[in-house]
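*Asks:* Structure below; questions to follow.
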Amino acid sequence: MSVGYTERQQAMLQEMGIRVWVPPRVEVAEAAVPVVDVVVEGVGARVRGHDERGDVVARVVEVSAPVSGTVPEPVSELVPASVVALRSTGVAAMDWDALRAAVSSCRACTLCERRKQTVFGVGHPQAQWMLIGEAPGEQEDLQGEPFVGKAGQLLDNMLRAVGLTRSEAPAHEQVYIANVLKCRPPQNRNPEPQEVAQCEPYLLRQIALVQPKLILAMGRFAVQSLLKTAEPIGRLRGRVHEVQGVPVVVTYHPAYLLRNPLDKARSWEDLCLAREVMARAG
Ligand code: URA
């Protein structure tokens, strides 16, 4: 395992705002401090970082593009925000293939231990509408596609009502659907903040690659994590928000609508607002 790094690697780490630290002896350094493994595939580097006096210290321990070989253990302890930021930088540089590969091999949180497979997203890679839900459920975990259970059937019907589909169609008709989490939480429990934080770079990169004209955020978790707010959906509906320069319309989760069918009328209002935003965008 090489502990050296080239000028290019040094420049890369400097770009990321990371102080490079070279231990005099690798074995001592590894044993002496609690460390968190971080894989930054987009920049072709494997980095070991730890929080020391509040700083992230990073060291290139292996360089290859893309990263291959041993899969790191899942990170079960609290990961410093700065280490998450380091991962984000790598993910933000990925193209579709690299992103898909990074998601399917992701072990950044313990959800990886029980998933059958990751659930990346489905639809047109340049869709005008992007729909964002919470996390895969049992069926999604089995089939590897978002919203394939009962909630998905309702979603498909809602999409049909406004002339949209997830099936193959031109970019103005075919949506792109993704979730905040790419792995199923056990027993469909609520996502943990730590899991949302680890998965967020993937979703942000999907948004950047699709460059939709509109995002429809469905359900409390998608809405609150995208908009970085604790406000309830009821207070966020009916107006247009923004994420990464993309207008965001907020609506109820289809699974909630299955339990509360009276709110389908409100969700129809939300779809109409979304259509208005699209019409204004031309
Ligand atoms: N609920 C979600 O939020 N996403 C899915 O993919 C399925 C159910």
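The values are calculated or read from the model by the stated rules, or taken from the named source; none is laboratory data. Note that the structure is a prediction, hence the values are computed from the model and not measured. Neighbour counts run over all protein chains shown; Cβ positions are idealised from the backbone, glycine included. For accessibility, only protein heavy atoms count, side chains too; no ligands or nucleic acids. Shrake-Rupley method; radii C 1.70, N 1.55, O 1.52, S 1.80 Å.
*Asks:* Restricting to Cα atoms and excluding each atom paired with itself, what does the Kirkwood estimate give for the stretch 93-281 in Å?
*Replies:* The Cα-based Kirkwood calculation yields 16.4 Å.
*Asks:* Please compute the modelled spin-label separation between Arg100 and Tyr256, points set 7 Å along Cα→Cβ, answer in nm with one decimal.
*Replies:* About 3.2 nm, to one decimal.
*Asks:* Can you give the Kirkwood hydrodynamic radius of the stretch 100-149 from its Cα pairs, in Å with one decimal?
*Replies:* In the stretch 100-149 this quantity evaluates to 11.9 Å.
*Asks:* Could you give the accessible area per residue of the stretch 106-150, probe 1.4 Å, as a whole number in Å²?
*Replies:* 42 Å²
*Asks:* Between Leu204 and Ala265, how high is the FRET efficiency from 1/(1 + (r/R0)^6) when r is the Cβ-Cβ distance and R₀ = 25 Å? Nearest 0.05.
*Replies:* It comes out at approximately 0.20.
*Asks:* So what does log10 I(q)/I(0) come out to for the stretch 81-181 at q = 0.21, 0.23 Å⁻¹, using the Debye formula with one equal point on every Cα and no solvent?
*Replies:* So the normalised log intensities work out to -1.15, -1.27.
*Asks:* Here's a follow-up. Suppose all protein chains stay in the model; what accessible area per residue would a 1.4 Å probe give for the stretch 159-234, in Å²?
*Replies:* With the other protein chains kept in place, the stretch 159-234 gives 40 Å² per residue.
*Asks:* Modelled label-to-label distance, Arg239 and Arg275, 7 Å Cα→beta-carbon offset: nm?
*Replies:* 2.4 nm
*Asks:* Next question. What do you get for trypsin sites (Lys or Arg not before Pro) in the stretch 200-239 restricted to DSSP loop and a cutoff of at most 16 other Cβ within 10 Å of the site's Cβ?
*Replies:* Here the trypsin sites (Lys or Arg not before Pro) that fit, given the DSSP loop and packing criteria, are Lys228, Arg239.
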